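The values are calculated or read from the model by the stated rules, or taken from the named source; none is laboratory data. From a predicted model like this one, the values you see are computed outputs, not experimental measurements. FYI the Cβ positions are ideal-geometry reconstructions off the backbone, even for glycines, and counts take in every protein chain you see. Quick note on the areas: whole protein, heavy atoms, side chains included, nothing else; ligands and nucleic acids left out. Shrake-Rupley method; radii C 1.70, N 1.55, O 1.52, S 1.80 Å.
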Amino acid sequence: MDGDRHDVVQAVEQLLEAARDVLRRRPDTHLVVLGRASSAAGTLPGLREISPHVSHVDIDLASKASVAAAGARLEDLLDSGALPPLRGLVLNAGVHLSSALEATVDGYERTFAVNVMSTHQLLRQLHPHLHPPARIVVTVSDAHFGDLRHTGGSMPSPRWAIPDISQPGAFNRSGNVRAGRRAYVTSKLGGIYLVHE
């Protein structure tokens with residue numbers, strides 16, 4: 001698990017570096033970070049050192065109500081003119097758990113809810129507010145292959161079985177680490193399906 005967590009942390013750092021680069025190159029850019037307040041507290045000061053145009057909206061990606069509220073907050077800011085027109089979205093939801101048994105407050109399997117459902121919900125809610133030319137980026141990984149070449153054999157292959165994959169306990173021996181990994185790679189495949197959609 002330490003290697004998997006390292007990969008997630010490394011991906012977040014790469015996204016933050018990309019955000020810093022955009023803020024340096026385009027000082028007129030307004031960046032809105034959606035995330036838990038606890039996570040944002042460590043990130044926002046460094047971004048605000050580069051630009052004063054950095055905002056935060058609190059969100060819990062494991063709660064449909066929280067995702068809807070964060071989306072509504074962004075819609076209000078856009079509609080009031082407090083934010084400039086929305087020209088892009090970068091969606092990087094990523095949770096990797098040691099089992100496939102954890103449920104969200106809405107009853108969904110946590111990995112799938114955070115990594116796929118929350119991204120889909122935000123896209124649906126904010127899509128009408130995008131102004132061309134706009135760009136949408138959904139981050140995924142090669143983990144969805146679940147093979148030796150792409151994951152070094154550390155990940156099993158995904159199991160795409162609708163609607164079961166959104167339910168806690170949907171995988172064989174859902175309480176073990178391998179099931180948690182299968183839930184993760186399946187959610188990464190879900191992200192790719194979302195991009196194709």
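What to note about this one:
- Residue pairs whose Cβ atoms lie under 7 Å apart, sitting 6 or more positions apart in sequence or on different chains, and linking a residue in the stretch 40-51 that is at pLDDT 90 or above to a partner that is crowded, with 16+ Cβ neighbours inside 10 Å and not aliphatic (A, V, I, L, M), are L44/H56; L47/R20; I50/R20.
- For the stretch 129-152, residues that are open to solvent by 50 Å² or more (accessible area, probe 1.4 Å), in a loop (DSSP other than H, G, I, E, B) and modelled with pLDDT under 80 total 2.
- Residues that are touching a strand residue (DSSP E or B) at 6+ places or on another chain (Cβ under 9 Å), more than 27 Å from R181 (Cα to Cα), open to solvent by less than 70 Å² (accessible area, probe 1.4 Å) and of a type outside the set (S, T, N, Q) do occur in the stretch 5-21.
- S51 crowded, with 17+ Cβ neighbours inside 10 Å, polar (S, T, N, Q) and in contact with a Lys or Arg (Cβ under 9 Å, 6 or more places away or on another chain): yes
- Residues that are open to solvent by 40 Å² or more (accessible area, probe 1.4 Å) and in a loop (DSSP other than H, G, I, E, B), drawn from the stretch 104-123: V105, D106, Y108
- Only one of L101, L126, L74, L78 that is in contact with a Pro (Cβ under 9 Å, 6 or more places away or on another chain), at pLDDT 95 or above and either in a helix (DSSP H, G or I) or among the hydrophobic types (A, V, I, L, M, F, W, C) (or both): L78
- Filter result (open to solvent by 80 Å² or more (accessible area, probe 1.4 Å) and part of a loop (DSSP other than H, G, I, E, B)) within the stretch 168-181: N172, R173
- Check on L91, open to solvent by less than 30 Å² (accessible area, probe 1.4 Å) and either farther than 29 Å from P133 by Cβ or in contact (Cβ under 8 Å) with a residue 12 or more places away in the chain (or both): yes
- Checking the stated criteria, P27 turns out not to satisfy the condition of being modelled with pLDDT of 90 or more, farther than 18 Å from T119 by Cα and either open to solvent by 60 Å² or more (accessible area, probe 1.4 Å) or over 14 Å from the mean Cα position of the chain (by Cα) (or both).
- Restricting the stretch 172-181 to residues that are in contact (Cβ under 8 Å) with a residue 24 or more places away in the chain and out of contact with any Lys or Arg (no Cβ under 6 Å at 6 or more places or on another chain), the residue that is nearest to T139 (Cα to Cα): R181
- Pick from the stretch 54-64, criterion open to solvent by less than 70 Å² (accessible area, probe 1.4 Å) and out of contact with any helix residue (DSSP H, G or I) (no Cβ under 6 Å at 6 or more places or on another chain), ranking: farthest from S118 (Cα to Cα): S55
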